[in-house]
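One structure below.
The values are calculated or read from the model by the stated rules, or taken from the named source; none is laboratory data. Keep in mind that what you see is a predicted model, and the values were worked out from it rather than measured. Note that we place each Cβ from the backbone using ideal geometry, even for glycine, and neighbour counts take in every protein chain shown.
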Amino acid sequence: MVPSTRLLLALSCALLLGLRTGAAQPDTSRFAQARHQMVRTQIEARGVTDEGVLRALRTVPRHKFVPEHPPELAYADRPLPIGQGQTISQPFIVAYMTQAVQPDSTDRVLEVGTGSGYQAAVLAEIVDSVYTIEIVPELARTARQRLDRLGYGNVVVKQGDGYNGWPAHAPFDAIVVTAAPEQVPPPLVEQLAPGGRLVAPVGPEGGTQELLLLTKQEDGTTARKTLMPVRFVPFQRKN
Ligand code: SAH
C-alpha cells in the first residue's frame, strides 16, 4: 500500500470512530490519557464494573466541565467547586451512582441538580435521552451552553426546582438526584416507571447522609436499599 492510501485509510477510520462515539469528539489529547488513568485507578479499582459506565467516564472530557480549574485537577480523586457554592462530584461517585441506576441505551433519565452538566453528559453517553433540572439560573445557563457546544443533543436542561420532577416527560426509567434532600421528594418516586431506579443522597446538611437506591416494582411499591455514606450539597427549595 502506498503511504498516502494508508494515511487516507487511517483518516477515514478516525472519522468513523468519531461518528460512532456519538456526542463527544474523539479526544486524542493528553487528557484522554488522564481519563483512562482516572478510570483505572479511582473507579475500576473501587469495584465499578459496568462497561458502559466505564466507557462513558473514559469519553466525557471532564476538564471542559470545570474550566476555572487547571485541567489536571479535573481528573483528580476529589469533588471541585463549580461556583455559586456548588460542587461537581468526585469521579468515582459519578460512576458509582450511574452504575447504581443500571442505565440502558433506550432509557429516558431525569437528573435533579445539573451543576456543571458532567453527570448529565455521562448519562447521555449511555442512554437515549436525559432531562436535567438546575435551580441556580447561572449554572443552568452555563451547563446548557457547555452541553450544546460539546454536542450533547440528547440532553435537555431546565432551570427550576427539581422537587416536582418533570411531569411532562415522565415516567423515567431512572432518576439521579445529585443534591441531598432530607427525604426523597415523593413526586420523583411517582415519576419512576415500573422497574425504574432512583438514586439519591438523603440526610441533613453537614450531617450523616446516605446514598439511597429506590426501585419501583411492577406492582407500584418501592424497594429501598442503602448504598453508602456520602456528603453532598443540600437540596434547595424555591420559596
Ligand atoms: N450533577 C452535578 C453536580 C451537582 S451539585 C455535576 O455533575 O456537576 C448539586 C446541584 O444541585 C447544584 O448545582 C445545586 O444548585 C442543584 N440543586 C440543589 N437543589 C436543587 C433543586 N431543588 N432542584 C434542582 N437543582 C438543585
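Selection of the range 190-239 for residues being over 19 Å from the mean Cα position of the chain (by Cα) and hydrophobic (A, V, I, L, M, F, W, C) yields Ala193, Ala223.
Restricting attention to the range 118-165, the residues that are among the β-branched types (Val, Ile, Thr), more than 9 Å from the ligand (Cβ to nearest atom), under 12 Å from the mean Cα position of the chain (by Cα) and under 25 Å from Arg237 (Cα atoms) total 2. Number of residues in the range 200-239 that are without any contact (Cβ under 8 Å) to a residue 60 or more places away in the chain and outside any strand (DSSP E or B): the value is 13.
Here is a yes/no grid of residues against (1) modelled with pLDDT of 95 or more; (2) among the hydroxyl-bearing types (Ser, Thr, Tyr); (3) surrounded by fewer than 22 Cβ atoms within 10 Å (Cβ to Cβ):
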| residue | (1), (2), (3) |
| --- | --- |
| Val53 | yes, no, no |
| Val66 | yes, no, yes |
| Pro79 | yes, no, yes |
| Gln84 | no, no, yes |
| Ser105 | yes, yes, yes |
| Glu111 | yes, no, no |
| Gly117 | yes, no, no |
| Ala124 | yes, no, no |
| Asp128 | yes, no, yes |
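Annotation: Phe172 fulfils all but one of (1) crowded, with 21+ Cβ neighbours inside 10 Å; (2) within 14 Å of the ligand (Cβ to nearest atom); the unmet one is (2). Here Gly52 clears all of (1) within 14 Å of the chain's Cα centre (by Cα); (2) in a loop (DSSP other than H, G, I, E, B); (3) away from the ligand (no atom under 13 Å from the Cβ) except the condition numbered (2). Filtered by the rule that a residue be in contact with a helix residue (DSSP H, G or I) (Cβ under 8 Å, 6 or more places away or on another chain) and either over 18 Å from Asp161 (Cα atoms) or assigned to a strand (DSSP E or B) (or both), the range 181-199 gives Arg197, Leu198, Val199. Does Lys158 satisfy the condition of being within 20 Å of Gly85 (Cα to Cα), loosely packed, with under 13 Cβ neighbours inside 10 Å and touching a residue at least 12 places away in the same chain (Cβ under 8 Å)? No: the conditions fail for Lys158. Take Thr208 and decide whether it is within 29 Å of Pro81 (Cα to Cα), more than 14 Å from the ligand (Cβ to nearest atom) and at pLDDT below 95. Taking the combined requirement at face value, the residue satisfies it.
If you go through the range 130-151 and keep only what is more than 23 Å from Gly195 (Cα to Cα), surrounded by 24 or more Cβ atoms within 10 Å (Cβ to Cβ) and either touching a residue at least 60 places away in the same chain (Cβ under 8 Å) or touching a Phe, Trp or Tyr at 6+ places or on another chain (Cβ under 9 Å) (or both), you end up with just Ala143. Restricting attention to the range 107-131, the residues being under 16 Å from Gln159 (Cα atoms) and basic (Lys, Arg) number 0.
Beta carbons closer than 9 Å, at least 6 apart along the sequence or on distinct chains, pair a first residue in the range 53-75 that is free of Cβ contacts under 8 Å to residues at least 60 places away in the same chain and more than 11 Å from Pro91 (Cα to Cα) with a second that is within 16 Å of the ligand (Cβ to nearest atom) and part of a loop (DSSP other than H, G, I, E, B) for His63/His69; His63/Tyr75; Val66/Ser116; Leu73/Val66.
In the range 216-225, what residues are surrounded by fewer than 19 Cβ atoms within 10 Å (Cβ to Cβ) and not acidic (Asp, Glu)? Give the steps one after another, and end with the answer.
At the first step, the residues of the range 216-225 found to be surrounded by fewer than 19 Cβ atoms within 10 Å (Cβ to Cβ) are 217-225.
The answer is Gln217, Gly220, Thr221, Thr222, Ala223, Arg224, Lys225.
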